Structure formats: structure tokens, C-alpha cells
1. List the pairs whose first member sits in the range 67-84 and is within 10 Å of Val145 (Cβ to Cβ), whose second member is assigned to a loop (DSSP other than H, G, I, E, B) and at pLDDT below 90, and whose Cβ atoms are under 7 Å apart, counting only residues at least 6 apart or on separate chains?
2. Restricting to the range 25-52, give me the number of residues that are in a helix (DSSP H, G or I) and over 16 Å from Val94 (Cβ atoms).
3. Can you tell me which residues in the range 53-74 are hydrophobic (A, V, I, L, M, F, W, C) and crowded, with 17+ Cβ neighbours inside 10 Å?
4. Hey, can you tell me all the residues within the range 58-75 that are at pLDDT 90 or above, outside any helix (DSSP H, G or I) and not charged (D, E, K, R)?
Amino acid sequence: MNRPLRRLVTSTSRRNFVTTPAVVALEQVAARRRVDLRWTLLLLWGYAQYRWAGDYRNARGGGGPGQSGPPPERLVDTGPYAWTRNPMYLGHLVFLTGLTLTTRSPLAALALVGNIPWFDRHARRDEERLTELFGQAYLDYREHVPRWLPRRPR
């Protein structure tokens, strides 16, 4: 597989925000299915949340983008990270939920359902890594901030 094509498939962000919507759009055209525009706000919300949380974390935590780059230098527990420990991953899932509801596509639904356990696995691995990096400070953060469903900060 050539490099640009591989990046569209192996990068989680490109796969969820570019490749999956493109495939679903082709499916929509082939099936002549109408979209339900009432749900497009979820698409915008999910992508905006993903970008905002990533930019926020990079600016305040240091390190590289994503968990494959250099580790964060500081624990980020403010902004979107005060509401949920995984606002970027949650942004992906909100986007895919919006794609599913907007298009009523079985492929979009499959992408959403397939990504839920994938992100949960990655969130748990991230937690192990962050516990090693930040110790008790991260354990305290985990006690007060939920993994997935946002809760009002204390």
C-alpha cells in the first residue's frame, strides 16, 4: 500500500474524519439514500471537540500529538479534561454518531460500533501510561473525572 493511502487508513483521525465519511458518501450515492440534516450538528460538534481538546492538551501538556509521539510533560486536568478524561476520543465517537444518524448508513453504524471498543482499549492503555508518568496526581485526577461521559467539574 502506498504511503498516502496507508496514512488514510492507519491514522485514526484521518480514518474517522476523512476515509469513513468518504466511503459513507459513496454508499449514500449508490443507495440513493437521503440524509437527515438535523444531525449534522453532531458531526460539527464531534470534530470541533476533537480539535479543541487536542490543541488544548498540546498547548498545556507539552509532548507530541497523540499518544504515539513524545509523552506529555504536564498533566492536563482543566478545560475539556476537567469534564472527561478522553475528550478527543469522545469527539471521534460524537462525530461518528452524527455520521450514523445523518446518513442512516449501515457502514457508518459499523464504524461507530467498531470504534467504541477500540477507543476504550486505547483509553485504558493511556491511563496506564499516564499513571506511570504522573503517579498519584493522575490517580487523583482519575477519581474525580470520568473516563467517558462528561460530568460537571468540581
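The values are calculated or read from the model by the stated rules, or taken from the named source; none is laboratory data. Predicted, not measured: the structure shown is a model, and the values here were computed from it. No Cβ is skipped: glycine too gets one built from the backbone with ideal geometry, and neighbour counts run over all protein chains shown.
1. From residues that are within 10 Å of Val145 (Cβ to Cβ), the pairs are Ala82/Pro153; Trp83/Pro150; Trp83/Arg151; Trp83/Pro153; Thr84/Pro150.
2. Total meeting the criteria: 8.
3. Here is the first cut: in the range 53-74, the ones hydrophobic (A, V, I, L, M, F, W, C) are 53, 59.
Passing the criteria: only Ala53.
4. Within the range 58-75, Leu75 is the sole residue that qualifies.
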